[in-house]
Amino acid sequence: MLRSFIDWLDDYLAGEGPSGLARAVVGLLSFAALCGAILGDIAIRAGAIVAIMLLVLGGGLVLLADRRSLQRRIRADQRLIFDYAHALHGRTPGYHITSWDKTIVVAANGDAVDTMKVRARAERTGVQAFYLWFGCGWPQPAKYQRKVHVEVRTLLVDDVPGTRLDRTVVWFPNGRFVVIVQFPSTLEAGNDIYLQLEVAWPGKCRPLIRGECDRYTLTLSHLLTQARYKIVLPKGADTYSDPIGFQEGVTLKSGTDVEGRPTHVIEAHDVPPNHAIGLQLELKKGAYPATRQGRPFQTADQ
């Protein structure tokens, strides 16, 4: 009987959401109060309220267990989607990225927002998925992964964002994740692909803010014709920097933006396959964007 009630409650909450749960609890408690008022005994009223509260609590625990089981199944399904899509496309993705423009804005607490504008061209007919890999410089716990938000849109003329595209985010044990972008229909050979991705990533740059060295690089599996990587630091920050993978055709410009935030802009042409370019950064002592008694800014959960 309890299981049947939980199944009904699960279906009800799926349709009504959190507000439905609040209405259900208030309704049950009101019913208990009404029974107590009719029966007129304080002990009976208290017993009815306690019984209903225990019922709601038990139902909540069962729903929580079901939710965790569902999350495990979803993660397994996501990995299967990635494996099947990768197998269908083979080792080559079927497209070639021609231009990569990425900006990472680092907040004073280590949060970051990555914005990427990607241009590519389909090399064969039948391409329906696009893959991009992401990672950060420290092993984040799962509570951070759940808060990462990824949005993918088409990119129109003059870099105007268009409508959202379906995407699947698959996490791996090493803390990296892949974004699989699904196109509405298969592409023909020679079709251009213009995408904008925005990744809001809590705690991504925490090593840098805590005074450690942190790497900011990009790597592609094929020749990249043109790339631009802009790193925007919190206002008041100052860094040491070491170049990574710089060669002929790679330039670095450092300065400040209109808001007074320090910036590093890397521009590169004809980057070889699997060649990482970027910077290793370290905050200078006394130049932290926000301090607490001379120590790097720390969030409440540190």
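You will find that of W100, W138, the residue that is under 22 Å from H269 (Cβ atoms) and of a type outside the set (V, I, T) is W100 and no other.
Taking each residue of region 157-171 that is under 23 Å from A129 (Cβ atoms) and looking for partners that are at pLDDT 90 or above and exposed (fewer than 10 other Cβ atoms within 10 Å of the Cβ) with beta-carbon atoms closer than 6 Å, six or more apart or interchain, yields nothing. When Y194 is tested against (1) more than 18 Å from P93 (Cα to Cα); (2) of a type in the set (F, W, Y); (3) surrounded by 16 or more Cβ atoms within 10 Å (Cβ to Cβ), exactly one condition is not met: (1).
Applying the condition of being among the basic types (K, R) and more than 27 Å from P207 (Cα to Cα) to region 111-169 and asking which residue is surrounded by the fewest Cβ atoms within 10 Å (Cβ to Cβ) yields R164.
Residues are listed down the side, and each one gets a yes or a no for (1) aromatic (F, W, Y); (2) closer than 20 Å to T103 by Cα; (3) in contact with a strand residue (DSSP E or B) (Cβ under 6 Å, 6 or more places away or on another chain); (4) touching a residue at least 40 places away in the same chain (Cβ under 8 Å):
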{"position": "G175", "(1), (2), (3), (4)": "no, no, no, yes"}
{"position": "A200", "(1), (2), (3), (4)": "no, yes, yes, yes"}
{"position": "E212", "(1), (2), (3), (4)": "no, no, no, yes"}
{"position": "L224", "(1), (2), (3), (4)": "no, yes, yes, yes"}
{"position": "Y229", "(1), (2), (3), (4)": "yes, yes, yes, yes"}
{"position": "Y240", "(1), (2), (3), (4)": "yes, yes, yes, yes"}
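The values are calculated or read from the model by the stated rules, or taken from the named source; none is laboratory data. The structure displayed is predicted, hence computed values, not measured ones. Neighbour counts are summed over all protein chains in view; Cβ atoms, including those assigned to glycine, are modelled from backbone coordinates with ideal geometry.
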